[in-house]
Structures are given as structure tokens and as C-alpha cells.
Amino acid sequence: PAALAMNPLSLWPVAAVYLLVLVTAWLLVRRVAPPAEDGRFGTLDGLRGFLAFGVFIHHGAVWYFYVRTGVWEQPDSILYANLGQDCVALFFMITGFLFWTKLLDGRARDFDWLRLYVSRLLRLTPLYVFTMVVGALLLAISMHFQLFEPVRRLAVEAVRWMSFTILGTPPVNGSKESFVVIAGVTWTLPYEWLFYCALPLAGPLVGVRTPWRWVAGALLVTAGMMHYVKPETVFLAAFAGGIFTAYLVRSATFCARARRPYAAVFAVVALGAGFFLFPSLSHSPALVLLTAAFAIITAGNTLGGLLAWPASRLVGEITYSVYLLHGLVLFAVFHFLISPARAATFTALEHWLVIFACVPLTVLVCCGTFRWIEAPAMHRTGAVSRWLHRQLQGRG
């Protein structure tokens with residue numbers, strides 16, 4: 001505690017947040033049924049939750065300095081900085097792996113491209129719209145509902161934000177906190193959409209039957225998105241790490257070896273080295289280490305049962321909600337329950353006690369949004385896809 005009171009970037013807050021997350025989830029799974037196990041890549045469900053709360057911890061540290069300086073920037077700590085960028089890189093690996101696996105599995109049958117994009121829209125859009133609406137409301141309250149820009153300009157800004165920020169993240173109503181209110185997490189979504197839109201270009205390369213109109217459309221959209229997104233190469237390489245893993249785990253020999261205890265030790269060491277030793281993913285072995293650990297986990301290694309534990313899988317199920325909404329929780333707590341001026345006087349211990357209190361609140365809120373926003377939309381994928389197929393066939 002004495003060290004924590006002096007150093008806001010010590011290791012203890014990280015351990016404490018993860019412990020609180022697991023305890024909260026464990027108490028919840030005693031009340032409600034845990035999510036069903038995904039027998040094929042179930043370990044990824046457990047991994048997701050740890051990554052989402054890694055980003056939460058990263059932003060918890062950012063807030064400590066933000067209330068003091070007014071500057072939103074990465075903490076001056078390799079670990080705390082990497083809890084942002086390395087966790088995001090692993091999220092991109094998960095995306096690259098899962099959707100490249102869909103392509104590889106789709107070689108044996110007609111690939112339903114329409115269903116793929118319907119599933120992505122229904123998976124990402126409803127909660128994103130909810131996040132934008134709540135974020136705009138919190139921003140308006142913090143500005144006392146005063147209007148500092150013409151309505152027409154506000155509408156343009158809203159459209160740019162509603163494009164999953166592909167068209168940019170302008171200050172809304174002249175407020176620099178438009179970015180802070182959601183902790184700036186939306187920057188990763190254009191990368192996700194860029195990857196999804198480019199998939200039809202990869203279809204013919206792996207032997208997936210891909211109609212020419214999908215290839216042509218993907219070429220035009222991907223070119224346009226490259227212009228707006230301007231992606232960093234290192235994060236595109238993270239998708240490549242997931243694609244590499246998609247081939248690797250098709251080897252029964254690799255999977256058998258990856259599930260052994262010594263492989264779990266190697267994965268933990270590789271993750272530790274990646275998070276603790278390298279300040280950047282660029283020009284370092286960090287991405288290779290993360291990819292190696294990711295491949296071992298994807299092959300079925302539960303890291304001693306941790307990733308298969310029902311509490312871990314529950315947090316994994318609500319990952320998208322945690323990722324999008326934790327910034328709103330932190331903003332609301334620091335702006336309306338405490339006030340930034342008062343928070344700036346807190347010791348490091350007091351600051352982290354506030355963050356600790358936000359953990360169970362975030363888990364509970366995100367369980368609610370998953371149940372009432374995410375899950376109903378996902379369950380409509382089949383029905384919406386079939387309806388669209390019928391409409392297209394009717395026109396044909």
C-alpha cells in the first residue's frame with residue numbers, strides 16, 4: 001500500500017483489477033448460467049475478457065494523469081502502455097484468426113458472403129449506436145446542454161462518428177472531450193472493418209468460391225478505406241499473426257504439443273516478455289512473442305484452466321461491451337460523481353480505489369448490454385440473412 005500511494009503505475013493495481021473482475025464474474029456465474037463452452041476455440045473466449053480489462057486498466061492509468069494535466073496520452077510505463085496496444089494487437093489476431101478460419105472452412109462449400117456481412121453489422125452496430133448516443137448525452141450534460149456550433153456542423157460531426165470513425169473523430173460541439181468520453185477506443189473499429197471488407201479479395205487466393213461482384217466491391221471499398229483509415233503497418237501485422245495461427249492450428253501435432261504444461265509456461269513467459277520488456281510493437285520481437293503465445297492458447301491451452309473457468313468465459317462473452325462502454329463509466333464517475341478538480345488531488349491509492357469500484361459496476365452494466373442489446377441482434381443474423389437472400393433472388 002505504501003508503494004501504491006507513491007507510484008500510480010506500480011504492478012499492484014493490475015493484479016487487483018483482474019482479481020476484482022474474476023471475483024465479480026464468479027459471483028455472477030453462481031446466480032446465472034455461464035456461457036456455453038465453444039469446444040473448438042473456447043480458450044479465445046476466456047482470453048478476450050482479460051484483453052478487454054487490460055484496456056480498462058490502461059485507461060484507468062491514463063485518467064490519473066489526465067485530471068492533472070488535461071492531456072490524454074499513454075502512461076509513462078511499458079506495462080501500462082502495452083496493456084493498451086498489446087491487448088489491441090491480440091484482439092486483431094483473434095479477428096484475423098477467426099475469419100481466416102471461416103475462409104479455410106468455406107472451401108468445402110459455397111461461402112455465404114451476405115451472411116458474413118449481416119453478422120458483422122448486427123454484431124457491431126447496435127451496441128456502437130448505443131455507445132454513441134450515451135456518449136453524446138454525457139458530453140451534453142458536461143457542457144450544460146450549451147450549443148457552441150451550428151446544428152448543421154453538429155450533424156456532420158455526428159455522421160463522421162457514426163461511421164465507426166472511419167471518416168474521423170472531430171471534436172463534437174467544440175469539445176476536446178469528445179474523444180475522452182469513450183476513452184478513444186473507437187480507433188480500432190476502422191481496422192476491423194478494413195479487414196472484413198478486404199476478405200473477398202482473399203477468398204480466391206485460398207480457394208473460396210467468390211462471385212466477381214464481391215471481389216470488385218471489396219476492391220473499391222478497401223481502396224477507399226485505406227485512404228481514410230491510413231492503417232499502421234504493425235497493427236496490420238497483428239492480423240497476419242492471426243492468419244498464420246489459422247494455418248498452424250490445423251496441424252494435429254502442433255495442437256497436441258501446444259496443450260502440454262510446458263507450452264503453457266512458454267506462453268506465459270512470452271506474454272510477460274511482450275508486455276513488460278518492449279515499449280513498442282514496432283522494431284521489436286514483441287509481436288512475434290505475442291503471436292507465439294496466441295497460437296498456443298488458440299490450439300487449446302487453457303493456461304492451467306484459467307481460460308476455461310466459467311468466470312473467465314463470462315467476462316469473455318461481454319468483451320465488446322466492456323471495450324466500448326468502460327470509457328463511459330470512467331467518464332461518468334470522474335466527471336459527475338467526483339469532478340476532475342477533486343480527482344486531481346487524490347493520491348495514487350485513492351485514484352485506484354475509484355478505479356476498483358468501477359470494476360464491478362462495469363461488469364454489471366456490460367452484462368446488461370450484452371443481454372439486451374448484443375445478444376438479441378446476434379440472434380437475428382439467420383433470419384435477416386434469409387430475408388435478404390429471398391429479396392435478392394426475387395429481384396433476380
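Only one entry in L98, L51 is touching a residue at least 60 places away in the same chain (Cβ under 8 Å), of a type outside the set (F, W, Y), part of a helix (DSSP H, G or I) and open to solvent by 30 Å² or more (accessible area, probe 1.4 Å), namely L98.
Among the residues making up the stretch 186-221, a single one is surrounded by fewer than 20 Cβ atoms within 10 Å (Cβ to Cβ), of a type in the set (V, I, T) and under 17 Å from R109 (Cα atoms): V206.
This table checks each residue for (1) under 30 Å from T233 (Cβ atoms); (2) open to solvent by 10 Å² or more (accessible area, probe 1.4 Å).
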site: L277; (1), (2): yes, yes
site: S280; (1), (2): yes, yes
site: I296; (1), (2): yes, yes
site: A308; (1), (2): no, yes
site: V315; (1), (2): no, no
site: H326; (1), (2): yes, no
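Residues that are crowded, with 23+ Cβ neighbours inside 10 Å and more than 16 Å from the chain's Cα centre (by Cα) within the stretch 76-85 comprise just one, Y80. For the stretch 63-75, check the following and say yes or no: at least one residue is open to solvent by less than 70 Å² (accessible area, probe 1.4 Å), touching a helix residue (DSSP H, G or I) at 6+ places or on another chain (Cβ under 6 Å), within 30 Å of I296 (Cα to Cα) and not hydroxyl-bearing (S, T, Y). For the stretch 63-75, residues open to solvent by less than 70 Å² (accessible area, probe 1.4 Å), touching a helix residue (DSSP H, G or I) at 6+ places or on another chain (Cβ under 6 Å), within 30 Å of I296 (Cα to Cα) and not hydroxyl-bearing (S, T, Y): present.
One line per residue, one yes/no per condition, for (1) within 23 Å of the chain's Cα centre (by Cα); (2) among the hydroxyl-bearing types (S, T, Y):
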{"residue": "A202", "(1), (2)": "no, no"}
{"residue": "G207", "(1), (2)": "no, no"}
{"residue": "W212", "(1), (2)": "no, no"}
{"residue": "L220", "(1), (2)": "no, no"}
{"residue": "G224", "(1), (2)": "no, no"}
{"residue": "V234", "(1), (2)": "yes, no"}
{"residue": "F239", "(1), (2)": "yes, no"}
{"residue": "T245", "(1), (2)": "yes, yes"}
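Inside the stretch 352-383, residues that are in contact with a Lys or Arg (Cβ under 9 Å, 6 or more places away or on another chain) and not small (G, A, S) make up a count of 3. Residue count for the stretch 329-338 under the criterion of being open to solvent by 10 Å² or more (accessible area, probe 1.4 Å) and either within 27 Å of T188 (Cβ to Cβ) or touching a strand residue (DSSP E or B) at 6+ places or on another chain (Cβ under 6 Å) (or both): the result is 5. Considering the conditions (1) farther than 25 Å from T24 by Cα; (2) open to solvent by 30 Å² or more (accessible area, probe 1.4 Å), S385 is excluded by exactly one of them, (2).
Of the residues making up the stretch 223-260, just one is of a type in the set (S, T, N, Q) and modelled with pLDDT under 95, namely T233. Looking at (1) part of a helix (DSSP H, G or I); (2) touching a residue at least 12 places away in the same chain (Cβ under 8 Å), find the lone condition where S282 falls short. It fails just one condition, (1).
For L314, the requirement of being under 21 Å from L98 (Cα atoms), in a helix (DSSP H, G or I), in contact with a helix residue (DSSP H, G or I) (Cβ under 7 Å, 6 or more places away or on another chain) and touching a residue at least 40 places away in the same chain (Cβ under 8 Å) is met.
Filtered by the rule that a residue be not aliphatic (A, V, I, L, M) and not in a helix (DSSP H, G or I), the stretch 125-148 gives H144, F145, Q146, F148. Selection of the stretch 149-185 for residues being part of a loop (DSSP other than H, G, I, E, B), open to solvent by 40 Å² or more (accessible area, probe 1.4 Å) and over 22 Å from F334 (Cβ atoms) yields P150, L167. What number of residues within the stretch 255-265 are surrounded by fewer than 17 Cβ atoms within 10 Å (Cβ to Cβ) and part of a helix (DSSP H, G or I)? Here the count works out to 5. If you go through the stretch 339-363 and keep only what is closer than 11 Å to V67 by Cα, open to solvent by 10 Å² or more (accessible area, probe 1.4 Å) and of a type outside the set (G, A, S), you end up with P340, R342, T345, F346.
The values are calculated or read from the model by the stated rules, or taken from the named source; none is laboratory data. Keep in mind that this is a model prediction, so the values were computed, not measured. Cβ coordinates were reconstructed from backbone atoms using ideal geometry, including for glycine residues, and neighbour counts include every protein chain displayed. These accessible areas exclude ligands, DNA and RNA; they are computed on the full protein's heavy atoms, side chains included. Shrake-Rupley method; radii C 1.70, N 1.55, O 1.52, S 1.80 Å.
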